[in-house]
1. Return the pairs, sorted by first residue and then second, in which the second residue is modelled with pLDDT of 95 or more and more than 9 Å from the ligand (Cβ to nearest atom), the first residue lies in region 23-39 and is farther than 11 Å from residue 60 by Cα and assigned to a strand (DSSP E or B), the beta carbons are less than 7 Å apart, and the residues are 6+ apart or on different chains.
2. Which residues, counting only those in region 273-298, are at pLDDT 95 or above, more than 18 Å from residue 249 (Cα to Cα) and not aliphatic (A, V, I, L, M)?
3. Taking region 405-420 as the search range and keeping residues that are surrounded by fewer than 13 Cβ atoms within 10 Å (Cβ to Cβ) and not polar (S, T, N, Q), which one is modelled with the lowest pLDDT?
4. Looking for whichever is touching a Gly at 6+ places or on another chain (Cβ under 7 Å), assigned to a helix (DSSP H, G or I) and of a type outside the set (Val, Ile, Thr) here; the options are 221, 229. Which one fits?
5. Looking at (1) buried (at least 24 other Cβ atoms within 10 Å of the Cβ); (2) touching a strand residue (DSSP E or B) at 6+ places or on another chain (Cβ under 8 Å), find the lone condition where residue 123 falls short.
6. Taking interchain pairs and intrachain pairs at least six residues apart, which have beta carbon atoms under 6 angstrom, with the first residue in region 78-96 and within 15 Å of residue 57 (Cβ to Cβ) and touching a residue at least 40 places away in the same chain (Cβ under 8 Å) and the second of a type in the set (Ser, Thr, Tyr) and surrounded by fewer than 22 Cβ atoms within 10 Å (Cβ to Cβ)?
7. Taking region 84-109, which residues are hydrophobic (A, V, I, L, M, F, W, C), more than 8 Å from the ligand (Cβ to nearest atom), within 21 Å of residue 328 (Cα to Cα) and part of a helix (DSSP H, G or I)?
8. I need the strands (runs of 3 or more DSSP E) fully contained in region 267-346, keeping only those with at least 2 residues that are among the β-branched types (Val, Ile, Thr), away from the ligand (no atom under 16 Å from the Cβ) and under 18 Å from residue 228 (Cα atoms).
Amino acid sequence: MPAARSESESRRARAGTLLKPVRIGLLGCGTVGTGVVKLLRANAAALARRLGAPLELAAIADRRHGLDVALGLDPNLFTKDGAALVARPDLDIIVELFGGEEPARTLILKALASGKDVVTANKAMLAAHGEQIFRAADKAGRAVGFEASVGGGIPIIRTLREALAGDRQRAVYGIVNGTCNYILTTMTERGVEFAEVLAEAQRSGLAEADPSLDIDGHDAAHKLCLLVALAFGVMIKPSQVYTEGIRAITQQDIAYARELGFTIKLLAIAKDEDGGIEARVHPTMIPRKHLLADVGGSFNAIYIQGEALGSSMYFGRGAGELPTATAVLGDIVEIARHRIAAGGGARSHPLGLPIEQIKRGRVKPMDDVVCEYYLRFMAPDKPGVLGVIASVLGRNGISIASVIQQERNAEVTVPVVMRTHEARERNLKRALAQIRRFRVVRQAPVFIRIEERL
Ligand SMILES: NC(=O)c1ccc[n+]([C@@H]2O[C@H](COP(=O)([O-])OP(=O)(O)OC[C@H]3O[C@@H](n4cnc5c(N)ncnc54)[C@H](OP(=O)(O)O)[C@@H]3O)[C@@H](O)[C@H]2O)c1
């Protein structure tokens, strides 16, 4: 374990003499890792002045060849063996940027057990194994910084854990996947269908070759698990988050949303209601005048409603080499400060409360969620169709707030668009199934949830 700072060292720091370096081991030198290397180098002098000790990049593990040449770094810094790097006794902080669940989880546990602090951007691993990692950190009295795991460069983790700790959070609404937000923004602005925008985004590197983690909502669900833990002190698993992506969004629904005064966003939504926690990711219609509706392109934003503060919003770049690296650097600096000030000790309680106080969360089943809905039916243009739909909805306790049926006589099958008042999801699904059985509609009805009072 790295040696604790002595009293004389602390005096030297106060007198302005630099202490011995805080030594960093980097697991993964891809997009974010490269950004970390660049920032450590570009800001070395300022960071050393800020901390009273230099931050030294002492080792890098990555299986790719030629990184030393590409980054102009000493080849002796590199290994392909992450386990060997973590086992080194001369490192203070391990920065995990491999991604994926394994070996990241195992290596982080080993690092913590051997007295090192950890910084990670790995939301997928933390969403699945966060409780184990945070318990291990508390047990070892070490820190786990994970600012980069939600909202990229937006300091939302620290904000929830520290700045808003005095309030009781009621709801969190996040635009936390830049790829989805880019696709939906482009569809809305240019009138192009989903498949075309996705293909464009893949060509320009904004979407992965296999985009399902992003566009099917799983990445947003991982981030929501972490936001729920920080906002409500409750750990939930990604499998507990109702998750629906953006593949089914069409120009037709975007146009009707506009007509109704809404914009469609992929939102990660968590609410702490008296009846339990809601946690869901799905395309959502929000008022066009809402702040979140203006979050365009690949930007992210997290909108929080606190009991005392009311609403606040945090906006910025949710991904990318340097934006994400700033969040990683922020964690490194905070941990290094603690190591220096506390004589080798570190802040624990990564979620802002002792791990014993974290509850296993019960999430309200999606069927019990109550919201307003946008509905679109494709129906033959015959008298009585609207009446049948309205009466089935009514029998299931769903009342209609407004109807758009402006393309009458335009085609054989016309869209019938409705906005409902608040209804329970179970009732809505039952009503839609009944409407399908009556064969008054030609395709599966489309429904999109509305959040108007956020
Ligand atoms: N990119 C972003 O903007 C962003 C934003 C927020 C959070 N994050 C998170 O940050 C983490 C890193 O993302 P990234 O985009 O930087 O990933 P990346 O570009 O794929 O970089 C990961 C690097 O680590 C290497 N690697 C992975 N597993 C390894 C192993 N077992 N042994 C040796 N080398 C290994 C990879 O090599 P190969 O290429 O050969 O696999 C690659 O060079 C992920 O958890 C991600 O979710 C990323």
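The values are calculated or read from the model by the stated rules, or taken from the named source; none is laboratory data. Remember, it's a predicted structure, so these values are computed and weren't measured experimentally. FYI the Cβ positions are ideal-geometry reconstructions off the backbone, even for glycines, and counts take in every protein chain you see.
1. As it stands, the answer is 23/56; 23/58; 23/90; 23/91; 23/92, since those pairs meet every condition given.
2. Result: 278, 289, 290, 294.
3. Step one: filter region 405-420 for residues surrounded by fewer than 13 Cβ atoms within 10 Å (Cβ to Cβ), giving 406, 408-412.
Narrowing the set further to residues that are not polar (S, T, N, Q) leaves 408, 410-412.
Numbers: 408: 59, 410: 52, 411: 59, 412: 77.
Here the residue is 410.
4. Details: 221 fails: touching a Gly at 6+ places or on another chain (Cβ under 7 Å).
That would be 229, the only listed residue that is touching a Gly at 6+ places or on another chain (Cβ under 7 Å), assigned to a helix (DSSP H, G or I) and of a type outside the set (Val, Ile, Thr).
5. It is condition (2) that residue 123 fails.
6. Taking only residues 6 or more apart or on different chains, the pairs are 85/79.
7. As a first pass, look at region 84-109 and keep what is hydrophobic (A, V, I, L, M, F, W, C): 84-87, 91, 93-95, 97-98, 104, 107-109.
Still in the list and also more than 8 Å from the ligand (Cβ to nearest atom): 84-87, 91, 93-95, 107-109.
Still in the running and within 21 Å of residue 328 (Cα to Cα): 85-86, 91, 93-95, 107-109.
Result: 85, 86, 107, 108, 109.
8. Details: elements: 276-287, 299-306, 310-317.
Passing ranges, in order: 276-287.
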